[in-house]
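Have a look at the structure below before the remarks.
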Amino acid sequence: MVSINFRNINVTFAILAAISWSIAATTSALAFSAGSGILLLLFVRFLITFIVSFVLNIGSKKTKTNTPYLRLFVISIFSTFFISAYMSAIELVPISIAVSVVYTFPVLTFFANSIMKSRSIDILSAVALFVSLFGIWLLSGSGTDGWNIFGILLALGAAASQTVINIASRHKSIVPGWSLLKYIMAMPAALFTLLFIFNNPEVNILAVTWCFISALGMIGGCYFFYHSIAKIGPVRTSNIMYLEPVFTIAIGVLFLSNIIESSQWLGIGIIMIATLVLELWGKKYRFID
């Protein structure tokens, strides 16, 4: 008989989430290049995600447990800010820079999770946090490529928001699946639909097409991400998803003509190494995540 390692299957959810979010991020950059504004992109992403999750949730088996509305509201608020800030950062800075700053959230999640569980903070986790901040400083050290510090700050805000989402989602009342996405996407879908209607931004077919593809990547990313958190916890899920910036940076440099200076490559490398070290070092925390 063939033995199946179910923990490896659970890790696959995080890997699939990383791939899906990489597609979502890079196609967002293509949408901006095609003439999409941030409002059009967010309108399409939130609305399509809500519609798909709502339709696929129809007929699903209902549980008798009380719905954790307050926790879902918190996740929804921070999910809205995470996606909005991340996409706005991509509009302001090269995608390779934005994704590197956003993906300090594995380090932030490890650090915050340790504090909340009253564990002692080992020296390596503290060093990893400050090393990552140094990497961000290197990334934001040049203003000669037409981008500004606000893109870095937005990406860092997105990272902090994702940390809150990770920890808030690790709860027995949070059941991953289309029902979860339906609840947390309802508010931002309604909000950005109203903003889109009242602002009446310019729309073209190519931009909408890239926005739609980005929405599909977001749907897959969210679906697999919450399943991964439920299976292996926020710390392990966050650390495994360092694969997204690897994919996204490669696509940005090869296909989106992103130009990164040597000091910025060093900053990207520092952030990646800090995250990877925590993934290896965090093995002793995986079963109490």
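Bear in mind that the values in this text are calculations on the coordinates, not laboratory data. Remember, predicted model here, so these are calculated numbers, not experimental data. Please note: Cβ atoms are built from the backbone with ideal geometry, for glycine as well, and neighbour counts cover all protein chains shown.
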Mean Cβ-within-10 Å packing, highest first, puts peptides 183-192, 68-77 in the order 183-192, 68-77
Please work out the Cα center distance from region 155-177 to region 214-232, rounded to the nearest Å.
12
List residues of region 204-225, by number, whose backbone nitrogen lies under 13 Å from a label position 7 Å along Cα→C-beta of L195.
none
